[in-house]
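Right, one structure below, let's go through it.
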Amino acid sequence: MSGNPFGVVFAKPEDEEAVFHHLMSLHSENGLFPVNAEKVREAIHRWVTPDENGQRQDLIGIIRGPDRRIEASIGLTLASVWYSDCVEILERWTFVEAPYRASSHAKNLVNFAKWYTDSLNAALSSLEDGQQVIPLSIGILTERNLLPKMRLYQRAGLQQIGATFMYPPIKPDAEYVNQRKFGERGGKHKPKIQEPAVMGL
């Protein structure tokens, strides 16, 4: 797989500690559940370590700054659809550290994910059960700034399919979004019917 033009590189085993601290910053800002640090470390180790054939089923893409610090990252995993033999590439996170959000890092991470998806599909000669393509699936699970994140993916040409809902609320004071706030009620508007006046009764 040739290099990508977006400044994103695959995290390696020597990056494990730096990736861990980077993801702790992500959790402190956007985590919905208590963190299990050991579980995070185990996942990072598994994701940055290629198999005996040098292949990766899971990967972490990182963007470094001039000082080699990790400024942004994305986690991708190849997973089977639960009701099918078909597979998809799932985005686990896309995160840019706060000081670097005026950069193009977020856009580059999304483009990297698309590039990786295209590269993987081009390398596969056949798929199970007539599957034509392995799709990239990116979701947004956040308490804040939902609309800018949606616009990022829309500008990148990703198709929006569905939404995520939770019950009961994990954090009652979170910035939950309701389309009614934006005047979008959904459904079809029924035209008002002018009923004829009743006469001769």
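The values are calculated or read from the model by the stated rules, or taken from the named source; none is laboratory data. These figures come from a predicted structure and were not determined experimentally. As a convention, Cβ positions derive from the backbone with ideal geometry for all residues, glycine included, and neighbour counts pool all protein chains shown. Protein only, heavy atoms only, side chains kept; ligands, DNA and RNA dropped before computing areas. Shrake-Rupley method; radii C 1.70, N 1.55, O 1.52, S 1.80 Å.
Scan the range 24-43 and report the pairs whose first residue is over 22 Å from Pro13 (Cβ atoms) and whose second residue is acidic (Asp, Glu) and open to solvent by less than 100 Å² (accessible area, probe 1.4 Å), with Cβ atoms within less than 9 Å and a gap of 6+ or a chain change.
Close Cβ pairs (under 9 Å, with a partner that is acidic (Asp, Glu) and open to solvent by less than 100 Å² (accessible area, probe 1.4 Å)) amount to Asn30/Glu143; Leu32/Glu143.
For Leu32, which of the numbered conditions (1) touching a helix residue (DSSP H, G or I) at 6+ places or on another chain (Cβ under 9 Å); (2) more than 19 Å from Leu136 (Cα to Cα); (3) assigned to a loop (DSSP other than H, G, I, E, B); (4) open to solvent by less than 50 Å² (accessible area, probe 1.4 Å) fails to hold?
(1)
Give the residue, chosen from Arg68, Arg56, Arg101, Arg64, that is open to solvent by 50 Å² or more (accessible area, probe 1.4 Å), touching a residue at least 24 places away in the same chain (Cβ under 8 Å) and out of contact with any strand residue (DSSP E or B) (no Cβ under 7 Å at 6 or more places or on another chain).
After ruling out the rest, the residue left standing is Arg56.
Filter the range 29-50 down to the residues that are of a type in the set (S, T, N, Q) and at pLDDT below 95, then identify the one that is farthest from Pro168 (Cα to Cα).
Applying the first criterion (of a type in the set (S, T, N, Q)) to the range 29-50 yields 30, 36, 49.
So of that shortlist, the ones also at pLDDT below 95 come out as 30, 49.
Values: Asn30: 18, Thr49: 37 Å.
Among those residues, the one meeting the criterion is Thr49.
Yes/no matrix, rows are residues, columns are (1) part of a helix (DSSP H, G or I); (2) more than 16 Å from the chain's Cα centre (by Cα); (3) modelled with pLDDT of 90 or more; (4) over 28 Å from Ala98 (Cβ atoms):
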site: Glu52; (1), (2), (3), (4): no, yes, no, yes
site: Leu59; (1), (2), (3), (4): no, no, yes, no
site: Pro66; (1), (2), (3), (4): no, yes, yes, no
site: Ser73; (1), (2), (3), (4): no, no, yes, no
site: Leu76; (1), (2), (3), (4): no, no, yes, no
